[in-house]
Amino acid sequence: MTAVKSEREGSACPRTSTAPRSGAGEGVAQRRIAPAERSARFDPVRARADFPILRQKVHGAPLVYLDNAATTQKPRVVLDAMTRYYEEANANVHRGVHLLSERATKAYEDARLAVARFIGAPDPREVIFVRGTTEAVNLVAQTFGRTRVGPGDEVLVTALEHHSNIVPWQMLCREKGARLAVVPIDDAGDLDLDALDRLLGPRTRLLAVTQVSNALGTVNPLDEIVRRAHAKGVPVLVDGAQGIPHRGIDVAASGADFYAFSAHKMYGPTGIGVLWGRRELLEELPPWQGGGDMILSVTFEKTVYNALPYKFEAGTPAIAEAVGLGAAVEYLEQAGLAEVAAHERDLLAYALERLREVPDLRLVGTPRERSGAISFLVGDVHPHDVATVLDRHGVAVRAGHHCAQPLMHRLGVAATVRASVALYSTREDVDALVRALHAAREMFA
Ligand code: C6P
């Protein structure tokens, strides 16, 4: 059993790091978050108090933040962990022998351990820090893709994907003379699994699929998808950007080969994310960026690359951001992902019910299972106009194509209004959204 597993069994928030090259410093930046009693029922109103930004008014109205799929707000514990890191531990990692460098290294590696525990990674060396989901997908395209995809091969994506899980594959296919194939969806926004079976062919080198659609909220049946792909010998990359904050992931149980996500969509800072990959697979792949920390030795004739995970982490990493991500993971663990998921499920059901009261409102996407987001149109009013009126009422939503233009095209719309929830979202937020939508309708009637 690995260190990560045994820590999970021993303590919810282990302090000691057994990650490779972990520093021996005091790890001051990784203090526990204030112990909160875990209630059987999650209380979003209590959780709101943890998020300083939510206390403000915008345009004279209380802020109702329903743009969580774009980025979530950050709890005080995340902000404090990052400030404390800069005040007490800031130095470069893996380089110095002085105390601050040891503290910084330990803080950074403790964050890796926290992430490994949170996603059920069998080995913390499988957790690679990157800038976010986009960079994680590009890393796989530039390493796995470049070595495994050739002329006449296929990379399979789905009609639900964010541009981040389309464009890197498109670029790779163009470079390699390979073909990008697309698993279609039905009108509700659910994947066509029969078509998936048909499209998984002898030339398919990878299936890249999202866990949850950022635009429609569709939850893909990940286990089933991975099972079908593996039955044809096709590895699977999962875009977990919208899945991890609402449903979490057990990467080992999921069977996926790669899993990518961003910290900023799960209450952590921007500028950091994770690529998880199966160890054997990562070991075989070449590095993608060259520079400091990813090497063991360099001469002008030859470079010997470092071991995992450092082989893929060239240059000074986002240390404070990793510390913030570690604190966000602990925050979510203490809140209880299952309780958060139940709360968000109830809230989305309530929102769908209340949105029916708004005349001319049409849902875009009615998936079998939904998480996080609801997309809709109000009559023929442009989504940007709707969102502008909502903003004047203090309600923040996203309007546009949500970086999913092929999906919008498939559904026959140019853009939608998207309301997306987080653990601190409440029924009062939904009520405020509905009131503001009535106002928008009246304004454009
Ligand atoms: N979606 C949204 O408003 P980055 O930008 O690298 O952190 O994440 C990219 C990304 C990849 N996949 C999915 C499913 C996503 O939702 C996102 C980011 C935001 O929907 C910003 S476009």
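The values are calculated or read from the model by the stated rules, or taken from the named source; none is laboratory data. Please read all numbers here as calculations on a predicted model, not as lab measurements. So basically every Cβ, Gly included, is an ideal-geometry build from the backbone, and we count neighbours across all protein chains shown. The accessibility values were calculated without ligands, DNA or RNA, using every heavy atom of the protein model including side chains. Shrake-Rupley method; radii C 1.70, N 1.55, O 1.52, S 1.80 Å.
Observations on the structure shown:
- Check on GLU330, in a helix (DSSP H, G or I), open to solvent by less than 60 Å² (accessible area, probe 1.4 Å) and in the same structural domain as ILE244 (by TED's automatic domain parsing): yes
- LEU296 farther than 22 Å from ALA342 by Cβ, in a helix (DSSP H, G or I) and away from the ligand (no atom under 12 Å from the Cβ): no
- For region 300-315, the tally of residues that are farther than 22 Å from VAL137 by Cβ and open to solvent by less than 30 Å² (accessible area, probe 1.4 Å) stands at 1.
- Of all the numbered requirements in (1) touching a residue at least 24 places away in the same chain (Cβ under 8 Å); (2) assigned to a helix (DSSP H, G or I), VAL209 misses one, and that requirement is (2).
- Scan of region 135-181 for residues that are within 16 Å of the ligand (Cβ to nearest atom), open to solvent by 10 Å² or more (accessible area, probe 1.4 Å) and not in a helix (DSSP H, G or I), ordered by number: ALA159, HIS162, ILE166
- Within the set ALA252, ALA241, ALA231, the sole residue that is touching a residue at least 40 places away in the same chain (Cβ under 8 Å), small (Gly, Ala, Ser) and either more than 19 Å from GLY120 (Cα to Cα) or surrounded by fewer than 17 Cβ atoms within 10 Å (Cβ to Cβ) (or both) turns out to be ALA252.
- Verdict on VAL212 being within 13 Å of the ligand (Cβ to nearest atom), within 19 Å of ILE185 (Cα to Cα) and surrounded by fewer than 24 Cβ atoms within 10 Å (Cβ to Cβ): no
- Flag if GLU353 is open to solvent by 60 Å² or more (accessible area, probe 1.4 Å) and of a type outside the set (A, V, I, L, M, F, W, C): yes
- Residues in region 43-72 that are within 16 Å of the ligand (Cβ to nearest atom) and touching a Leu at 6+ places or on another chain (Cβ under 8 Å) were compared, and the one that is least open to solvent (accessible area, probe 1.4 Å) is LEU66.
- Matching residues in region 411-428 - criterion: being open to solvent by less than 10 Å² (accessible area, probe 1.4 Å), of a type in the set (D, E, K, R) and not in a strand (DSSP E or B): none
- Filter result for MET408 (at pLDDT below 95, outside any loop (DSSP other than H, G, I, E, B) and hydrophobic (A, V, I, L, M, F, W, C)): no
- Condition met for PHE118 (away from the ligand (no atom under 16 Å from the Cβ) and open to solvent by less than 10 Å² (accessible area, probe 1.4 Å)): no
- Scan of region 58-80 for residues that are in contact with a Lys or Arg (Cβ under 7 Å, 6 or more places away or on another chain) and of a type in the set (A, V, I, L, M, F, W, C), ordered by number: LEU63, ALA69, ALA70
- The lone criterion from (1) surrounded by fewer than 15 Cβ atoms within 10 Å (Cβ to Cβ); (2) touching a residue at least 24 places away in the same chain (Cβ under 8 Å); (3) over 17 Å from ARG427 (Cα atoms) left unmet by HIS98 is number (2).
- Any pair with Cβ under 6 angstrom, 6 or more apart, that starts in region 379-397 at a residue that is in contact (Cβ under 8 Å) with a residue 40 or more places away in the chain and more than 18 Å from GLN56 (Cα to Cα) and ends at one that is open to solvent by 20 Å² or more (accessible area, probe 1.4 Å) and not polar (S, T, N, Q): GLY379/ASP360; VAL381/PHE444; VAL389/MET443
- Residue in region 376-383 that is part of a loop (DSSP other than H, G, I, E, B), at negative phi and not acidic (Asp, Glu) present: yes
- Residues that are modelled with pLDDT under 95 and either away from the ligand (no atom under 16 Å from the Cβ) or within 18 Å of the chain's Cα centre (by Cα) (or both) do occur in region 96-107.
- The combined condition, being open to solvent by less than 40 Å² (accessible area, probe 1.4 Å) and under 19 Å from ALA256 (Cβ atoms), is not fulfilled by ARG125.
- Failed criterion for ARG370 (all others in (1) in the same structural domain as PHE118 (by TED's automatic domain parsing); (2) open to solvent by 30 Å² or more (accessible area, probe 1.4 Å); (3) within 16 Å of the ligand (Cβ to nearest atom) hold): (1)
- Hey, ALA341 at pLDDT 95 or above and crowded, with 23+ Cβ neighbours inside 10 Å or not: no
- Region 356-367 - residue that is open to solvent by 10 Å² or more (accessible area, probe 1.4 Å) and under 17 Å from VAL430 (Cβ atoms) and, of those, nearest to the chain's Cα centre (by Cα): LEU363
- Tally, over region 191-205, of residues that are more than 16 Å from the ligand (Cβ to nearest atom) and either part of a strand (DSSP E or B) or in contact (Cβ under 8 Å) with a residue 60 or more places away in the chain (or both): 2
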